[in-house]
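The structure appears below as structure tokens.
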Amino acid sequence: MKKLSTKIITILALCIALNIVGSNIALLLKLPIYLDTIGTILAASLAGPVGGVTVGALTSIIVGLTTDLFSLYYLPVQLIVGLIAGMVYSHYAADTFKKLWWLAIIISLPATLVSSAITLFLFHGITSSGSAIIVQILAKLGLSKGLAVFLVQVGTDYLDRLVAIYVVSLVYKALKSRISLGVTKY
């Protein structure tokens, strides 16, 4: 295993802080998106899948133990986002807006399947997120709970990843030319 440089540790710590701040803003404002993967995707874009997975896991643990217990249960989602984003960014840089929509699909779809299952089977559609309100409205309108959860997760996860990838594309362009992390992409 390569020795971690101070630069890499600092960037990963900043990415965790970015996730925590985003997560808490979304939680406090009851937004229908989560804002907790911006740092995960940024870490994955700069340090590969290992960086993304590390930031995602530590974010879920810290947020789960401090402000939102639900975050612990969604740790697998953070791992999937970090892994997929790291693999995607090793081949493609989000440098144009045209690429953002499909990068968001590639990164969010596998995680959406897992988050839908967690939301439905563990929490019956009721979580701390603002998206739980939409699930309840759809269920009251006659959709089955499973379909309501899945549709809401698809929409909110996609929108969340699109926002995250857009922010990361801006930061990525600014940082990539200025720093060299010395991390091997996979």
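A few points about this structure:
- Restricting the first member to the range 29-53 and to residues that are at positive phi, and the second to residues that are of a type in the set (Gly, Ala, Ser), the beta-carbon pairs closer than 8 Å and six or more apart or on different chains are Lys30/Ser129; Lys30/Gly130; Leu35/Gly22; Leu35/Ser23; Leu35/Ala26; Leu35/Ala164; Gly48/Gly86; Gly48/Ser90.
Residue by residue, here is whether (1) at positive phi; (2) free of Cβ contacts under 8 Å to residues at least 60 places away in the same chain holds:
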position	(1), (2)
Ser129	no, no
Ala139	no, yes
Gly142	yes, yes
Arg161	no, no
Val168	no, no
Val171	no, no
Ala174	no, yes
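- Qualifying residue in the range 136-153 (condition: at pLDDT below 95, buried (at least 16 other Cβ atoms within 10 Å of the Cβ) and within 22 Å of Ala17 (Cα to Cα)): no
- Taking the criterion of being of a type in the set (D, E, K, R) and either buried (at least 22 other Cβ atoms within 10 Å of the Cβ) or touching a His at 6+ places or on another chain (Cβ under 7 Å) (or both), the only residue of the range 1-55 that qualifies is Asp36.
- Candidates Ser108, Ser90 - the one that is closer than 19 Å to Leu159 by Cβ and of a type in the set (Ser, Thr, Tyr): Ser108
- Selection of the range 67-87 for residues being within 19 Å of Thr127 (Cβ to Cβ), touching a residue at least 24 places away in the same chain (Cβ under 8 Å) and assigned to a helix (DSSP H, G or I) yields Phe70, Ser71, Tyr73, Pro76, Val77, Gln78, Leu79, Ile80, Val81.
- Within the range 122-178, the residues that satisfy the criterion of being more than 19 Å from Asp68 (Cβ to Cβ) and of a type in the set (Phe, Trp, Tyr) are Phe150, Tyr158, Tyr166, Tyr172.
- Options Lys173, Lys185: the member that is basic (Lys, Arg), within 30 Å of Thr6 (Cβ to Cβ), part of a loop (DSSP other than H, G, I, E, B) and at pLDDT below 95: Lys185
- The test for being part of a helix (DSSP H, G or I), modelled with pLDDT under 95 and either of a type in the set (Gly, Ala, Ser) or under 15 Å from the mean Cα position of the chain (by Cα) (or both) does not hold for Ala57.
- Checked against (1) modelled with pLDDT of 95 or more; (2) under 23 Å from Pro110 (Cα atoms); (3) surrounded by fewer than 24 Cβ atoms within 10 Å (Cβ to Cβ), Val88 meets all criteria but (1).
The values are calculated or read from the model by the stated rules, or taken from the named source; none is laboratory data. Treat the numbers as computed from the prediction; the structure is a model and nothing was measured. With ideal geometry, Cβ positions are generated from the backbone for all residues, glycine too; neighbour counts draw on all protein chains shown.
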